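Below you'll find the structure, written out as structure tokens, and then a few comments.
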Amino acid sequence: MKVVRWLLGLIVMGLHYLTLPRRGKRSPQHQQQVDQSLKSYALYQLPTCPFCVKVRRAMRRLNLPFELRDVRGDARHRQDLVSGGGKMKVPCLRIDHEDGHTEWMYESKDIVAFLEQRFPLKPSE
């Protein structure tokens with residue numbers, strides 16, 4: 001079973017890199033504001049997980065360069081995810097709010113919808 005997962009992971013990663021979406025464009029000032037906001041975001045993920053790939057593709061399309069934390073490659077990140085988020089499930093978006101509380105968002109569909117709403121390429125007037 002590990003071999004099958006490994007092969008499928010390679011296929012997912014290969015297709016991901018062959019079909020990378022273009023980075024979204026913002027004005028330099030707007031992108032700087034977005035980058036500043038993203039300092040409190042981190043995505044707990046696995047490189048070959050298809051749902052994590054979905055979120056990373058949305059991040060690229062929306063030009064959202066925030067920290068990726070590999071839960072397989074770093075035991076500290078895995079422990080943070082389990083102790084803070086409550087379960088070992090990826091993808092998980094960690095948002096540290098200004099008031100001190102931390103939000104843990106699971107489900108790729110919910111994460112992508114949140115990012116599209118929170119960081120649209122064209123700011124609403």
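Could you go through the stretch 88-108 and let me know if any residue there is charged (D, E, K, R) and within 15 Å of F119 (Cβ to Cβ). So far as the stretch 88-108 goes, no, none of its residues is charged (D, E, K, R) and within 15 Å of F119 (Cβ to Cβ). So which residues in the stretch 53-83 are farther than 22 Å from V12 by Cβ and either in contact (Cβ under 8 Å) with a residue 60 or more places away in the chain or open to solvent by 40 Å² or more (accessible area, probe 1.4 Å) (or both)? Those that are farther than 22 Å from V12 by Cβ and either in contact (Cβ under 8 Å) with a residue 60 or more places away in the chain or open to solvent by 40 Å² or more (accessible area, probe 1.4 Å) (or both): A75, R76, Q79, D80, V82, S83. Looking only at residues of the stretch 102-125 that are modelled with pLDDT of 95 or more and not in a helix (DSSP H, G or I), we find that the one that is farthest from E67 (Cα to Cα) is E107. Counting the residues of the stretch 25-47 that are buried (at least 18 other Cβ atoms within 10 Å of the Cβ) and in a loop (DSSP other than H, G, I, E, B) gives 1. Of the residues that sit in the stretch 18-37 and are in contact (Cβ under 8 Å) with a residue 40 or more places away in the chain and among the aliphatic types (A, V, I, L, M), which one is nearest to M105 (Cα to Cα)? Among those residues, the one meeting the criterion is V34. For Q117, the criteria (1) under 25 Å from S27 (Cα atoms); (2) touching a residue at least 12 places away in the same chain (Cβ under 8 Å) hold in every case but one, which is (2).
Please determine, by comparing only the residues of the stretch 85-101 that are part of a loop (DSSP other than H, G, I, E, B) and of a type in the set (D, E), which one is least open to solvent (accessible area, probe 1.4 Å).
Looking at the filtered set, the residue picked out is D99.
The values are calculated or read from the model by the stated rules, or taken from the named source; none is laboratory data. Everything numeric in this text was worked out from a predicted model, so none of it was measured. In this analysis, Cβ positions are derived from the backbone assuming ideal geometry, glycine residues included, and neighbour counts consider all displayed protein chains. We work out accessible area using only protein heavy atoms, side chains counted, and drop any ligands, DNA or RNA first. Shrake-Rupley method; radii C 1.70, N 1.55, O 1.52, S 1.80 Å.
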